[in-house]
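**Student:** Dumping the structure here so I can ask a few things about it.
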Amino acid sequence: MQSDIDFMQEALEEARAAAAAGEVPIGAALVHEGKTIARSGNRTIRDCDPTAHAEIIVLRKGARVLENYRLAGATLYVTVEPCSMCAGAMIQARIPRLVYGAEDPKGGAARSCFQILSNPRLNHQVEITAGVLVRECAEVIQTFFAERR
């Protein structure tokens, strides 16, 4: 879907900005009713905060924008498959849909390592669309780590 590509491009911009700041380059955009309401890249180093993942930051911003901790009707776009912390936050926020680019075989909690977002024992499940702009998303994070080795 073209809108998924457009919104993933926004998340990629945030990932590239995070890389330029020395952060692990993951970017996210939160979209509600067809409009981006929050964008961010990882800020764990800048904020000295292990929870300052891009997803957590945009969920917090989005909740403030919508004045509701439940983010019904929102779609979260992320360049890399969310970790278990971020997946748990998505469940708590009742995000109905996640769109991500690259899989994270070492810690992904949507499909790769864990299936938190589709676990039937939880009180909420998230629709998942994976692989949107996968090449571009994977390239940003692979380049970042290759330069540090």
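The values are calculated or read from the model by the stated rules, or taken from the named source; none is laboratory data. Small disclaimer: the values here were computed from a predicted structure and weren't measured. As a convention, Cβ positions derive from the backbone with ideal geometry for all residues, glycine included, and neighbour counts pool all protein chains shown. Calculation scope for accessible area: heavy atoms of the full protein, side chains included, ligands and nucleic acids excluded. Shrake-Rupley method; radii C 1.70, N 1.55, O 1.52, S 1.80 Å.
**Student:** What nm value, rounded to one decimal, do you get for the distance between Lys106 and Arg121 when each label is placed 7 Å out toward the C-beta?
**Tutor:** 2.7
**Student:** Loop-only check: which GluC sites (Glu not before Pro) in the range 1-36 are DSSP coil with at most 14 other Cβ within 10 angstrom?
**Tutor:** Passing both the DSSP loop test and the Cβ count: Glu33.
**Student:** If R₀ is 41 angstrom, what is the calculated FRET efficiency for the pair Arg149 and Phe114, using the beta carbon separation as r and rounding to 0.05?
**Tutor:** Result of the calculation: an efficiency of 0.95.
**Student:** Does anyone have the angle between helix 134-148 and the longest principal axis of the chain? Alpha-carbon axes, 0 to 90°, nearest 10?
**Tutor:** Orientation of helix 134-148: about 50 degrees from the principal axis.
**Student:** Let me ask you something else. Within the range 3-91, which trypsin sites (Lys or Arg not before Pro) sit in a loop by DSSP and count at most 13 neighbouring Cβ atoms inside 10 Å?
**Tutor:** Counting only loop positions with at most 13 other Cβ atoms within 10 Å, the trypsin sites (Lys or Arg not before Pro) in the range 3-91 are Arg70.
**Student:** Okay, next question. When the accessible area of the chain is split by element with a 1.4 Å probe, what percent falls to carbon and sulfur?
**Tutor:** Answer for the chain is 52 percent, counting heavy atoms of protein chains only.
**Student:** Could I ask something else about it? How far is helix 84-93 tilted, in degrees, relative to the longest principal axis of the Cα atoms in the chain, given as a value from 0 to 90 rounded to the nearest 10?
**Tutor:** So the helix axis and the longest Cα principal axis differ by about 30 degrees.
**Student:** Next question, about the same structure. If you line up the Cα atoms of the chain on their principal axes, what length do they span on each, largest first, in Å?
**Tutor:** Sorted from largest, the Cα extents of the chain read 42, 34, 30 Å.
**Student:** Between the range 69-104 and the range 114-149, what's the alpha-carbon centroid distance in Å?
**Tutor:** After rounding, the separation between the Cα centres reads 10 Å.
**Student:** In the range 1-83, which chymotrypsin sites (Phe, Trp or Tyr not before Pro) fall in coil by DSSP and have 13 or fewer other Cβ atoms within 10 Å?
**Tutor:** Sites meeting the loop and neighbour criteria: Tyr69.
**Student:** Return the Cα extents of the range 58-145 along principal axes one, two and three, sorted largest first, each rounded to a whole Å.
**Tutor:** That works out to 37, 30, 18 Å along the principal axes.
**Student:** To the nearest 20 debye, what charge dipole does the chain have about its Cα centre, counting +1 at the Cβ of each Lys and Arg and -1 at the Cβ of each Asp and Glu?
**Tutor:** 380
**Student:** Give me the one-decimal Kirkwood hydrodynamic radius in Å for the range 8-65, with the sum taken over alpha-carbon pairs.
**Tutor:** 11.0
**Student:** For the range 94-149, list log₁₀ I(q)/I(0) at each q in 0.30 Å⁻¹, using the Debye formula over Cα point scatterers of equal strength and ignoring solvent, two decimals each.
**Tutor:** -1.19
**Student:** Residues of the range 19-149: accessible area per residue at 1.4 Å, in Å²?
**Tutor:** Ligands and nucleic acids excluded, the result is 51 Å² per residue.
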